[in-house]
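K.L.:
Before we start, here is the structure in question, set down as structure tokens.
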Amino acid sequence: MMVKGSIWNEEKVIAKIRNPHTKGVDLSASRVIYSNGGLYQAAIKYCGSWKNAVSLAGLEPIDYRRKIVGPKLHWTKKKIIYGLKDLKTRGVEMSARGIGTADYRLYLAAKRHFGTLGKALENAGIQIVSPLTRSTWTDEIVIAEICRLKELGEDISSIVVVHNHPELNRAARKHFGTWTNALTKSGIDPERVRKRPHYSNEHLLGELRRLHDMGEPVNANALRKSNKSLANMLRGRFGSHEAAIMAAGLNPSKIRMR
């Protein structure tokens, strides 16, 4: 969804955020993406991130993020089934995304008591909505899914997502180039979710040059076999192996022949 510069600016974004908040509207990123994608994209464009925009509007995270409130509930399978049926009658999408957004505690309880959300829905006589396929992904859906996983407390580091959510990982890379870019566009600091130690770009390029100077083959296939971690970090940081080779001051055509 594109944002027209003639419609939005920083002041209008802030004013729009302040206005619905007074009416009790949920301003968590995942909700706003669905309810007002134009506002979310404008916030990214004019304020740098959704978090920055909300802060500029004078709100603290505790004031707008979706929270689990109220006393701790004693869940039983019967109560969970009743809750799922109630959500369905209210028109909630019967998927992990829909249920997790509508009732986070119910979502967690269903997984805990039945093993998986799918089994809980099966016991409730409800058909789970099929996961998103490649053809249904858009920039907005990728961002919404990343925000949803973050709000559910899931690990969204690249090394985990590639195994637990392969379709999302592929879609994020297709639409944003790298997982890091997708996190940034979602208003999430990649450094806060990264599982591996952080190395500077110069450190990674220096390691690439060191291997090359030692006579080691550093083309994409060879490096993936000898040092998969370095290969992945270079690709993630520079967008492609060839771009990393060029950034290191090496000749890509000569590297490919080795």
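We did not get these values from a lab; they are worked out from the coordinates using the rules stated. Here the structure is a predicted model, which means the values were calculated and not measured. Note that we place each Cβ from the backbone using ideal geometry, even for glycine, and neighbour counts take in every protein chain shown.
K.L.:
So what J values fall out for segment 242-255 if you push phi through Karplus, 6.51 cos²θ - 1.76 cosθ + 1.60 with θ = phi - 60°, rounded to Hz, Gly and Pro as x?
P.N.:
Karplus values, whole Hz, x for Gly and Pro: 5, 5, 5, 4, 5, 5, 7, x, 9, 8, x, 5, 6, 5.
K.L.:
P(r) of segment 180-253 in 10 Å steps, Cα pairs, percent per bin?
P.N.:
19, 51, 24, 7, 0
K.L.:
Report, in listed order, any pair from K77/K111; K119/K185; K150/K228; K85/K111 with a Cα-Cα distance greater than 22 Å.
P.N.:
K119/K185; K150/K228
K.L.:
Here's something else I'd like to know. May I ask for the net charge around G177, where only other residues with Cβ less than 15 Å from the Cβ of G177 are counted and Lys, Arg are +1 while Asp, Glu are -1?
P.N.:
+4
K.L.:
Over segment 134-193, how many percent of alpha carbon pairs lie in each 10 Å bin up to the one with the longest distance?
P.N.:
25, 65, 10, 0
K.L.:
If R0 is 51 Å, what FRET efficiency do you get for K119 and S226 from their C-beta distance, rounded to 0.05?
P.N.:
It comes out at approximately 0.75.
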